[in-house]
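Below: one structure, written as structure tokens.
Each value in this text was obtained by applying a stated rule to the coordinates, not by laboratory testing. It should be emphasised that the depicted structure is a prediction, and the values quoted were computed from it without experimental measurement. Note that each Cβ is placed from the backbone with ideal geometry, even for glycine, and that neighbours are counted across all protein chains shown.
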Protein chains: 6
Amino acid sequence: MKTTVIKRATFSAGHRLFNPRFDEKKNLEVFGACSNPNYHGHNYILEVHVTGPVDSQTGMVMNLKAIKSVIEDEIVSKGDHRNLNIDVDFMSDIIPTTENLASRIFGILDQKIGTGLLSKVVLWESDNNRVEITREKGGGI
Amino acid sequence: MKTTVIKRATFSAGHRLFNPRFDEKKNLEVFGACSNPNYHGHNYILEVHVTGPVDSQTGMVMNLKAIKSVIEDEIVSKGDHRNLNIDVDFMSDIIPTTENLASRIFGILDQKIGTGLLSKVVLWESDNNRVEITREKGGGI
Amino acid sequence: MKTTVIKRATFSAGHRLFNPRFDEKKNLEVFGACSNPNYHGHNYILEVHVTGPVDSQTGMVMNLKAIKSVIEDEIVSKGDHRNLNIDVDFMSDIIPTTENLASRIFGILDQKIGTGLLSKVVLWESDNNRVEITREKGGGI
Amino acid sequence: MKTTVIKRATFSAGHRLFNPRFDEKKNLEVFGACSNPNYHGHNYILEVHVTGPVDSQTGMVMNLKAIKSVIEDEIVSKGDHRNLNIDVDFMSDIIPTTENLASRIFGILDQKIGTGLLSKVVLWESDNNRVEITREKGGGI
Amino acid sequence: MKTTVIKRATFSAGHRLFNPRFDEKKNLEVFGACSNPNYHGHNYILEVHVTGPVDSQTGMVMNLKAIKSVIEDEIVSKGDHRNLNIDVDFMSDIIPTTENLASRIFGILDQKIGTGLLSKVVLWESDNNRVEITREKGGGI
Amino acid sequence: MKTTVIKRATFSAGHRLFNPRFDEKKNLEVFGACSNPNYHGHNYILEVHVTGPVDSQTGMVMNLKAIKSVIEDEIVSKGDHRNLNIDVDFMSDIIPTTENLASRIFGILDQKIGTGLLSKVVLWESDNNRVEITREKGGGI
């Protein structure tokens, strides 16, 4: 059996989807209303999956308080009530699609949690749209 | 018995809470992270309550398709993927708190639906924060 | 203070919205796809509100097990996995809109619960559409 | 129009429903499995409704941060991960039904929020069971 | 890392579970109330998972608008407010269990989306019952 | 394609996280408020995943009524409104963390369902905390 413990957190942020290498018409075609110049935003829901052996002394894979702290310190405190295009260092060089945001979050949390325990990150942009980043078996990231 | 039919809709928008008559310190004190200058945003959920007699020929208070059209035309098409401080005419002169946004939505929908049928508007800014605007009994708005 | 205890239940049923006094075109205009002749269906969520004094010996307005039994016996066992147009006696003479279904449920439960304790019935047809039937103050139903 | 701002919070607690003036058989009859002697528990969801005029300078009825603080200090910090029958002072003399718990929470929050602004407290014990305490019009509590 | 983008949609449909090769007693034994002859129905929730590389120009696996269009054109417009036993071509030769409905939806969407990007289809019949169809690794469907 | 049918159920239980081999300070450090001596509790949500071939006569992987019965008989009737540390035989020798509870549930259900059909158990302790136990490919449990 494989055991995974999962912690959910939320943050609200502004963003705009826009590729400076595209002209205005192409941006509108690809990103639609998401490219509106004055920014809009979302309530993001983030789910962090940590997979590993259960410690027999604590009955835990990893303490949920520790997972919560890492999420708070590395992601929520940097992204909540911020503009992803302007205010968030780890998104400054990339289009803030849910795919890219989830991928960067995976990279940051994977470094902090360490030893390959992070198995998946799920990010909801809305009730109907979400992205999952999953570690491939038998490999790094 | 009183019969109320309720329609739910969603839209995502950016905003910033800020009173130009307050100095920076006062804005931060009152609005906290909501006053961050580069905007953030939310997935808003809007609920529109229409109260009235049930038509015996249709079995309806008001056709849900008609309520949906009014919400779409008057609110969602104007606010979705927009910045409430900059892009939305009916919010241009007021701080975009959930209270003020819900109140303006009530006023607009009340005019369009007419004959005092609109009884309540509920607006969620997040799972944990929402505002309800209710028509007072025996009066106008 | 007024105390209300609320019980939620669910049932799934088929229906078709159709007024035999309307011609086909008028039915389609009023009821749209809901008038499709071969029936469709919904997962209904029912919420029953009982308002009254709290018994000092039990700390309850009314025992939730009793409310659950009434809902089960009078509504769920008669409507669940049934066709509202054909199989459900209390809907046989009326168009099965959510308004009419909620109203009939209010009438049935009000008789069974008695002494005017039933204060509201809420019925969801879908996440975005629901109806509330509320007892008017100072009157019967 | 009447404006209400609503804040949601959660806490998890243990309890047992039991009236020492009832014998064992009567306790089982009234409270069922809820009277099991070794305690069980729930994830409670609490909703606090504050109704009043909107301040034109802030666009708020009452600052959500202030409502959150009162809920945290007066309710969550005293009830979360506690046993309602043993550990929580404001429940020590009463059967911890959802009705009684919601009523005591209303009383505590009403004193702290003051000036009659608290209009309703809603308390979920589970997805299917909840209680609402509403201030009666034109009166105190 | 593997990136999956997920789109959710809903539709309401009627159905009846019934195998003409079973006699009435066997149908009742296997399908219970789901075999009631006059049909009942559900609000189905459909989730479509698309897994593939992220395009560096758009920051997307596949444009959510395109996924939404395929779901709308191929599934929702054909199944919503329809009877799965009678009105829906792609279900005409098979018992409309959630397993079979989800499997047919997987087959249709897999052809339309192409190049093996569709990785999973999830279909809820109710809050408590759902089916997942997952592409096996290293193979076709 | 791989087909999985999933059934959800709920139960409410009390517990306390505590390792008798740790001293009081260590218990508090590891388990925090979860180690409070008088117990607290949760509304647990349990999801049971059964993966296998679809029977062509029934259109089912396994009858949901049978899965529901097993969950009810083996888990809910033994854990609901009980104290996991005191009343539940299958948890009597282990710290009742969500990891351990989910793992024991997997073991019990796997024996009852048989032939390796049980593929996953998911257990929510709260909206934000859950555990998944997944069968490893190509092996037993």
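Numbers below:
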| quantity | calculated |
| --- | --- |
| Rotation relating B and E, chain E residue nearest the axis via C-beta, angstrom | E:T10, 6 |
| Rule-of-thumb Rg ratio for the protein assembly as shown [Cα; 2.2 N^0.38 Å; N residues] | 0.94 |
| Karplus-derived 3J(HN,Hα), 6.51/-1.76/1.60, for each residue of the stretch A:8-22, Hz, glycine and proline x | 10, 9, 9, 8, 10, 8, x, 6, 8, 8, 6, 10, x, 7, 8 |
| For the stretch E:83-141 and the stretch E:1-75, distance of Cα centres in Å | 6 |
| Shielding of A:122-129 by partner chains, average beta-carbon count, 10 Å | 4 |
| Other copies of E:I86: label-to-label distances in nm, shortest first, labels 7 Å along the beta-carbon direction | 0.7, 5.4, 5.8, 5.8, 6.1 |
| Stretch in chain F that is longest and holds no trypsin sites (Lys or Arg not before Pro) that DSSP places in a loop and that have at most 15 other beta carbons within 10 Å | F:22-136 |
| Only Lys, Arg (+1) and Asp, Glu (-1) charged, at Cβ; the stretch C:3-134 dipole about Cα centre in debye | 120 |
| Extreme residue, positive dipole direction of the stretch B:19-141, given options B:H40, B:P20, B:S92 (C-beta unit charges) | B:S92 |
| Within the protein assembly as shown: Cβ-based charge dipole about Cα centre, in debye rounded to nearest 20 (Lys, Arg +1; Asp, Glu -1) | 0 |
| Fraction of beta bridges assigned by DSSP in chain F that are antiparallel (%, nearest 5) | 95 |
| Projected area averaged over orientations for the stretch E:77-122, convex hull of C-alpha atoms, nm² | 3.4 |
| Rg over Rh [alpha-carbon atoms, Kirkwood Rh] for the stretch F:46-113 | 1.06 |
| Chain E, relative contact order in percent, only Cα pairs under 8 angstrom and at least six apart counted | 28 |
| Teacher prompt: A:Q111 distances to equivalent labels in other copies, 7 Å Cα→Cβ, nm | 4.8, 4.8, 5.1, 5.3, 7.0 |
| Difference of contour (0.36 nm per residue) and Cα-Cα distance, E:A33 to E:D93 | 19.5 nm |
| Fraction in percent of alpha-carbon pairs per bin - 10 Å, the stretch C:1-63 | 19, 27, 18, 17, 15, 4 |
| P(r) weight above 18 Å for the stretch A:3-134, C-alpha pairs, percent | 55 |
| Helix-only [θ]222 nm of the protein assembly as shown, DSSP H runs n ≥ 4, -39500 (n - 2.57) each, per residue, nearest 500 | -7000 deg cm²/dmol |
| Computed label-point distance, nm, for sites E:D55 and E:T115 using a 7 Å Cα→Cβ extension | 0.9 |
| Shielding by partners - mean other protein chain Cβ count within 10 Å, residues of C:60-70 | 3 |
| Exam field: D:F22 pseudo-label spacings to other copies (7 Å along Cα-Cβ), nanometres | 3.7, 4.2, 5.1, 5.1, 6.4 |
| Helix B:98-113 axis, angle to chain B major axis (alpha carbon atoms, nearest 10°) | 30 |
